[in-house]
Every structure is written in C-alpha cells, then in structure tokens.
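Trainee: Okay, here's the structure, questions in a sec.
The values are calculated or read from the model by the stated rules, or taken from the named source; none is laboratory data. What you are looking at is a predicted structure, and each value in this text was computed from that prediction instead of being measured. Cβ placement follows ideal geometry from the backbone for every residue including glycine, while neighbour counts extend to all protein chains displayed.
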Amino acid sequence: MLKRSLMHGTRTFRVAIRALGRNKMRSFLTALGIIIGVGAVIAMVSIGEGAKRGIEDRFASMGTNLLFVSPGSRNVRGVHSGFGSFQTLKAEDAAAIEELPAVMFVSPAVNARAQVVYSNKNWNTSIQGTGARYPEVRAWDVEFGSYFDESHVRAAAKVCVLGADVKQNLFEDEDPVGQVVRVKRIPFKVLGVMKRRGESGGFGSRDDMIAVPYTTAMRRLQGIDYIQSVDVRAVSAALMPEAQRQIEELLRVRHRIAPGAEDDFQVRNMSEIAETAAESTKIMTILLGSIASISLLVGGIGIMNIMLVSVTERIREIGIRMAVGAREKDILLQFLTEAIVLSLIGGLIGIGFGIGSSRLIKKIQMFSSMNTVVSVESVLLAFFFAAAIGIFFGFYPARKASRLDPIEALRYE
Amino acid sequence: MAQNIIELRDLKKTYCIGETEVNALRGVSYAIEEGDFLAIMGPSGSGKSTLMNILGCLDRPSSGEYILDGEEVSRLDKNRLAGIRNQKIGFVFQSYNLLSRTTALENVELPLLYSSVNGKDMTERALAALASVGLTDRSHHKTNQLSGGEQQRVAIARALLNDPTLILADEPTGNLDSRTSSDIMNIFKTLNEDKKITMVMVTHEPDIAAWARKRIYLLDGLIVREERD
Ligand SMILES: Nc1ncnc2c1ncn2[C@@H]1O[C@H](COP(=O)(O)OP(=O)(O)OP(=O)(O)O)[C@@H](O)[C@H]1O
Ligand SMILES: [Mg+2]
C-alpha cells in the first residue's frame, strides 16, 4: 500500500516536471514571483535578525550589572527630543553616586561628534567624554598604552584614547601612543588604543570613537557645566535593585525634590534597555518580513493565474487523460503537484537568492555598519510558506481541471 | 455460443439544451458477443458517437441498462467508470487525441500511469505495443512529427496497453487516405482475430465497414437494420 502510493507519488511528480519542462520560459517566469518573494522575506528578516544579534552582543559584552542615570523624568522615557536638553545632572552627582555602598564604579558621559585631525588626515567621529573608570564600567579594555587616570580627569588634561577604527583611519600601522591629534584645534596627546569590539548591527561601529576625560569634554570642547549621563556599575547583578534605589534616593535629596514630586532624572538598568531595544528590532523584523510576504503572496497569485491559463490550454490533454482512465483525483493531484513543484523550485532558488542578497547587503559599503543574519527558522518559514502558497493557489485551478467532463474536454478545440 | 460482452437494453440518451430536448438515442437494445467485430453506420446526427461514448463509459445513458462484461455499469460513479475505461476499454478517435510535443512512447504509456504497473514494466509494455503496430523505430519521435497514419497507430498502441477486452473506434479512418485506412483496418483485423479483442467501430465508409463481420445502421437514435457476414 505504502509502496504503491510512493510509486504513484514519484510518477505524479515526474509527470508534473515533464509538463513544466514543456513550457520552460513560462514556468520560470511563474516561479520568479516565488523566487523574489522568498528571497525578499529571507533578506529582510536577515536584516532584522542582524540588528537583533548586534544589540544582544553589545549588551552581553557590557555585562548585566550596569545602570544608566540620565536627566529628565521617567515619563518622557523613550521620547528622544527630551534627551540632552536637561541640564540637571552635574559631575558632583556622579561623584556622590560613586560613594554609594551598592555602587562599584561610575563614569560620567559627555558626548559629541567632531573632526579629529592627525598630520594631513582627518576623521569625523564620536568624542566621548568619560571618567577614568570607563574601561571597568563598560568592561572594555585598553589594547595598547593606557587609559587616562583620575589626575587627568581632575586637571581636564588634553589626553585621549583612540577607538580601533580611528586608530586605523588616522595612523594605519604607525604607533599612535605619544602622538598628538587635534580636536577643534586643541591638541590631545594619545595615551592608548582601545580593544576592537567589532560591528554592532545597525548602530554604527563601536570602535569609531575617541575617549577624552569628561571634564575636558565639558570645559574645553563643549563649554558646558553639566553632564549628559552617568554610567554606573553596581557591585553585583544581585544588588542592581538596591543600587537603583540608593541612586534614586540620593539624587532626590541632592536635587531637593519634594516628596510626591516627579524625579528630574531617570535610572534605567541594562536589561530594561536591552528589552526595549529587542522589542523595537522585533517590530522591525516583523514589519520587514510582512512587507516582503506581500510579494510572496503576489507570487502565489501569479501561480494561480498561470495554472488557470494552463488548465484552459490543456483541456484536451485532460480529456485524453480521462479517456484512458485518469480519475478526478489523478487530474487534481497532477495540477496541484505542478503548482507545488513550481513554488518549491521557486522557493529553493529564492532561498539562494535571499541568502545571496543578505550577504550583499552586508558587503555594500553604504550599509557598512549593517549586519545581516540568515536564521534557519526564516529559511524554513519562507520555504514552507512557499509550499503552502503552491497548495493554496494551485488548488482552485486543479479542482477546475478535475471537474471537467471527459467528453466535452475531448471535443474542446 | 460466445458470451455477450455487451448487452444494451432500451438505452436512451436525452440532451437538454435550454427548453429543447434532443433525443440522441431513443431506445437501443443490442448485444455484442465476445470477439465480435462490429461496425456502426448511419447518417450524421443519428447518435453513433453518443452510443460510442456510452459504450466507452465516458458518458452515462439517461435511461436503460448497459451490461459490460457481466456488470451493470450505467449507474456507476465517475471514479468507477474511469477505472473501467482504464482496465477494459481502449479508445481510438478520428482525431487521434495524442498529447502533442510528447514522444510516442510516453503517449502509449499513458493508460499505465493510472493503473498499478511499475515503471520498468510500463516502458516494456509500451514498446511491445508500439512494435505490434510496427512503430518501434518511431517510439522516441514527438507525436507532432508523425504522419496521420502513424499517429493513429500510436493511438491504437495506446488502446492496447492494458489488454482491453474491448476496443472502441469512432471514425478511426476519417482523417486518413484509403491506403493508410486499410493498414489500420488490417491491424484491427489482426487484433480481433489473433487476440480475440472485441472491436466496435463507427464509420461512414461502406468499404471500411466491410472489414467488420457485423454491421448495424442507426437512424434518429434507433437501430434500423443489422447485417451479418
Ligand atoms: N453534448 C451534447 N449536447 C446536446 N446535444 C448533443 C450533444 N452531443 C450530441 N448531441 C446531439 O445528439 C445527436 C447525435 O449526435 P452524435 O454526435 O451522436 O451524432 P453522430 O451520429 O456521431 O454524427 P456524426 O456522424 O456527424 O459524427 C445530434 O443531434 C447532436 O446534435
Ligand atoms: Mg460522431
């Protein structure tokens, strides 16, 4: 019984392949809809997955016992226009936070973008004003030379540490330690180079930066008397809630906030931020995927269209097959198989096409910071979706074919 | 006495086109013995093709009985009829009805696609059938590259494939010249005499009908005359 149905299966498959082979160009064009659909789904989802992976890596490398203190109330969380427009957070707040028992290290942050010049080369990058404990807070080590220390911070010294990208772009193979680079015409002595951290999907290279003491960034580069945020490393992951509570209590006292009034700062922990970021990439993935799915759907309608034409063209063939003993079921299966084979072949080529374009996106210079990850799930999903489309859109034409009357079909001109 | 392979009892077929009814068959009763060679004649529109379609289980009568090989088939469902066409009946049509752009061999194999014969036997049997109509050297030609007579021989080979008890031919020589026609009739005669296959054929031409051993004449859906050699 099984052997027989297996034999029938392969036979139906062979008949379908032959029928499709008789009209190669048309079969290819029909499959093209599915190829593009499946390819687009895979490529789009790979962009979303890449972004997600980038965020995960980024957060994983920073460790989980990290807190961020930024000015502004909790209610405006997520509203980016508010960010940086608050001037309530001061360097003294950061120093006070560092004294808290649940806190290990802090690093104030004062960031901006500027041009960095070395001899005849220049490079636009992110100038990150940090504390001396930044490497410990962010779990990010120095590769050559050293990071600046407390005395540099206190003196607002004109020293800096380069990110790997900046080092590469300005110095190439030269040793930068001890050299002088200029930011806004101010000379900075290079103390060291940070370890390379690699790409992070969709967010620019994390190695494209230079670090300077935050005091230097405040006074010499930006001329401000407040800090933008404070990175805080808690003593341990278990003490995170405690650290958060202590910071909130401290800042309310320091900022003289009356009981019941809103905070003028917010403390967020790593996992919260990671969750928000993961949520937004998930939405992006779903969005990209569903837009691409529409093209897959259009491909399916293309299959239905061609199969309907094909049924009309082959009415006589159907009559002949019925005359020699084909049952309704046989005709139904034959046309259904043709539709499924078309969409599966389209699906397979589409997978190749999707993986190819996802690699290409990664390579193209314009998107250099964009990572793409083709996941097995997205490939399987797209493939089964293609097969389902073949069945769904192939069924109606196939049923139409199988319901034909043999005599009328034989007489059809 | 030979057994009756076909018994028709008061067979009627009425087509309804809108309000008007066309009585294509108006009560045909007849018996065909196993091994008979029968020609059906009659003017155009007399119901010959209608009768052939019912005999071939492609269509069902409006009323009456059709007993084929001891089984009442006039009320069977479509799937059972398809099975009977596949196992017991071989068709030969005036317009050949072969799949174009397909080789002779694949055309001949067609009935086996719908029966339970495995792939190797399939090709073997198809080649044997092609050999029996003298077309071994044409088996890999596409059917649209063959002459009319050759195409009709391919159709006969296809009809032979499942060792049918009955071959039905509706004007098999209608599109052929007289020499090719007698080639085809020779094949029919051999099949009838050597393999004892019952042959029923429709024709307009008396000299083709002369190859048969019995002839019936239809007029307005009724058998009006029978001739036996
Ligand atoms: N599907 C149909 N619907 C309506 N009427 C039909 C149908 N098929 C046949 N008829 C009618 O039934 C009658 C018999 O037709 P049939 O095809 O059997 O004639 P025939 O003897 O084979 O003629 P010919 O020698 O021209 O082939 C004709 O009047 C025809 O118009
Ligand atoms: Mg006719």
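Trainee: Could we say that B:S132 is crowded, with 21+ Cβ neighbours inside 10 Å, over 13 Å from the mean Cα position of the chain (by Cα), away from ligand 1 (no atom under 16 Å from the Cβ) and away from every other protein chain (no Cβ under 14 Å) here?
Mentor: Considered against the rule, which asks whether it is crowded, with 21+ Cβ neighbours inside 10 Å, over 13 Å from the mean Cα position of the chain (by Cα), away from ligand 1 (no atom under 16 Å from the Cβ) and away from every other protein chain (no Cβ under 14 Å), B:S132 comes out as no.
Trainee: Might you check whether a residue that is over 19 Å from B:A169 (Cα atoms), within 19 Å of the chain's Cα centre (by Cα), away from ligand 2 (no atom under 16 Å from the Cβ) and of a type in the set (V, I, T) occurs anywhere in segment B:3-12?
Mentor: no
Trainee: Right, something else. Does B:D170 satisfy the criteria of being within 16 Å of ligand 2 (Cβ to nearest atom), touching a residue at least 40 places away in the same chain (Cβ under 8 Å) and either of a type outside the set (A, V, I, L, M, F, W, C) or more than 20 Å from B:K189 (Cβ to Cβ) (or both)? Outline the logic, then answer.
Mentor: On the way: within 16 Å of ligand 2 (Cβ to nearest atom): yes; touching a residue at least 40 places away in the same chain (Cβ under 8 Å): yes; either of a type outside the set (A, V, I, L, M, F, W, C) or more than 20 Å from B:K189 (Cβ to Cβ) (or both): yes.
Judged against the criteria, B:D170 is a match.
Trainee: Here's something else I'd like to know. Can you tell me how many residues within segment B:13-60 are within 16 Å of ligand 2 (Cβ to nearest atom) and in a loop (DSSP other than H, G, I, E, B)?
Mentor: Final tally of qualifying residues: 9.
Trainee: Out of all the residues in segment A:123-139, is one or more out of contact with any Leu (no Cβ under 8 Å at 6 or more places or on another chain), closer than 18 Å to A:T216 by Cα and loosely packed, with under 14 Cβ neighbours inside 10 Å?
Mentor: Within segment A:123-139 (the criterion being out of contact with any Leu (no Cβ under 8 Å at 6 or more places or on another chain), closer than 18 Å to A:T216 by Cα and loosely packed, with under 14 Cβ neighbours inside 10 Å), the answer is no, since none of the residues qualifies.
Trainee: Quick check on my filter: what residues within segment B:10-30 are within 16 Å of ligand 1 (Cβ to nearest atom) and of a type in the set (D, E, K, R)?
Mentor: B:K12, B:K13, B:E19, B:E21, B:R26
Trainee: List pairs: first residue in segment A:310-339 and at the interface with chain B (Cβ under 7 Å from one of its Cβ atoms), second residue part of a loop (DSSP other than H, G, I, E, B) anywhere in the structure, Cβ distance under 6 angstrom, at least six positions apart or on different chains.
Mentor: A:E317/B:L99; A:I320/B:N97; A:G325/B:Y114; A:A326/B:Y114; A:D330/B:Y114
Trainee: Determine whether segment B:130-138 contains at least one residue that is among the hydroxyl-bearing types (S, T, Y), out of contact with any strand residue (DSSP E or B) (no Cβ under 7 Å at 6 or more places or on another chain) and at pLDDT below 95.
Mentor: Within segment B:130-138, one or more residues are among the hydroxyl-bearing types (S, T, Y), out of contact with any strand residue (DSSP E or B) (no Cβ under 7 Å at 6 or more places or on another chain) and at pLDDT below 95.
Trainee: Taking only segment B:31-52 into account, find how many residues are touching a helix residue (DSSP H, G or I) at 6+ places or on another chain (Cβ under 9 Å) and either more than 25 Å from A:P406 (Cα to Cα) or away from ligand 1 (no atom under 15 Å from the Cβ) (or both).
Mentor: Within segment B:31-52, residues that are touching a helix residue (DSSP H, G or I) at 6+ places or on another chain (Cβ under 9 Å) and either more than 25 Å from A:P406 (Cα to Cα) or away from ligand 1 (no atom under 15 Å from the Cβ) (or both) number 4.
Trainee: So for segment A:217-225 (the condition being modelled with pLDDT of 90 or more, touching a helix residue (DSSP H, G or I) at 6+ places or on another chain (Cβ under 9 Å) and not in a helix (DSSP H, G or I)), does at least one residue qualify? Working first, answer last.
Mentor: Taking segment A:217-225 first, the residues modelled with pLDDT of 90 or more are A:217-225.
Remaining after also requiring touching a helix residue (DSSP H, G or I) at 6+ places or on another chain (Cβ under 9 Å): A:218, A:224-225.
Next, from what is left, pick out any that are not in a helix (DSSP H, G or I): A:224-225.
There is at least one residue in segment A:217-225 that is modelled with pLDDT of 90 or more, touching a helix residue (DSSP H, G or I) at 6+ places or on another chain (Cβ under 9 Å) and not in a helix (DSSP H, G or I).
Trainee: For segment B:97-106, enumerate the residues that are surrounded by 23 or more Cβ atoms within 10 Å (Cβ to Cβ) and either more than 9 Å from chain A (Cβ to nearest Cβ) or touching a strand residue (DSSP E or B) at 6+ places or on another chain (Cβ under 8 Å) (or both). Please lay out each step first, then the result.
Mentor: Looking only at segment B:97-106, we keep the residues that are surrounded by 23 or more Cβ atoms within 10 Å (Cβ to Cβ), and these are B:98, B:104.
Passing the criteria: only B:A104.
Trainee: May I pose another question? Can you tell me which residue is surrounded by the fewest Cβ atoms within 10 Å (Cβ to Cβ) among those in segment B:86-95 that are within 16 Å of ligand 1 (Cβ to nearest atom) and not polar (S, T, N, Q)?
Mentor: Pass one, segment B:86-95, residues within 16 Å of ligand 1 (Cβ to nearest atom): B:91-95.
Of the ones still in play, those that are also not polar (S, T, N, Q) are B:91-93.
Numbers: B:F91: 26, B:V92: 25, B:F93: 21.
That would be B:F93.
Trainee: Go through segment A:159-181 and give me each residue that's surrounded by fewer than 18 Cβ atoms within 10 Å (Cβ to Cβ) and not in a helix (DSSP H, G or I).
Mentor: A:E172, A:D173, A:E174, A:D175, A:V177, A:G178, A:Q179, A:V180
Trainee: Restrict the check to segment B:75-85 and report whether at least one residue is at the interface with another protein chain (Cβ under 9 Å from one of its Cβ atoms), free of Cβ contacts under 8 Å to residues at least 60 places away in the same chain, of a type outside the set (S, T, Y) and within 9 Å of ligand 1 (Cβ to nearest atom).
Mentor: Taking every residue of segment B:75-85 in turn, none turns out to be at the interface with another protein chain (Cβ under 9 Å from one of its Cβ atoms), free of Cβ contacts under 8 Å to residues at least 60 places away in the same chain, of a type outside the set (S, T, Y) and within 9 Å of ligand 1 (Cβ to nearest atom).
Trainee: Given the criterion surrounded by 20 or more Cβ atoms within 10 Å (Cβ to Cβ) and under 26 Å from the mean Cα position of the chain (by Cα), identify the matching residue among A:T281, A:T215, A:T276.
Mentor: A:T281
Trainee: Still on this structure: Could you list, in sequence order, all residues of segment A:294-322 that are crowded, with 20+ Cβ neighbours inside 10 Å and more than 14 Å from A:A401 (Cβ to Cβ)?
Mentor: Once the filter is applied, which keeps residues that are crowded, with 20+ Cβ neighbours inside 10 Å and more than 14 Å from A:A401 (Cβ to Cβ), segment A:294-322 yields A:L296, A:G299, A:G300, A:G302, A:I303.
Trainee: I'd like to verify a number: residues in segment A:223-244 that are surrounded by fewer than 18 Cβ atoms within 10 Å (Cβ to Cβ), touching a residue at least 40 places away in the same chain (Cβ under 8 Å) and not acidic (D, E), how many?
Mentor: Result for segment A:223-244: 6.
Trainee: Mind checking whether some residue in segment B:58-73 is under 30 Å from B:R153 (Cβ atoms) and free of Cβ contacts under 8 Å to residues at least 12 places away in the same chain?
Mentor: No, because not a single residue in segment B:58-73 is under 30 Å from B:R153 (Cβ atoms) and free of Cβ contacts under 8 Å to residues at least 12 places away in the same chain.
Trainee: Could I ask something else about it? Every residue in segment A:366-412 that is without any contact (Cβ under 8 Å) to a residue 24 or more places away in the chain and either within 26 Å of A:S27 (Cβ to Cβ) or within 14 Å of another protein chain (Cβ to nearest Cβ) (or both), please.
Mentor: A:L380, A:F384, A:A388, A:D405
Trainee: Hey, which of the strands (runs of 3 or more DSSP E) in segment B:184-229, taking only ones fully inside, have at least 2 residues that are more than 16 Å from ligand 2 (Cβ to nearest atom) and over 20 Å from B:V154 (Cα atoms)?
Mentor: The qualifying strands (runs of 3 or more DSSP E) are B:214-219, B:222-228.
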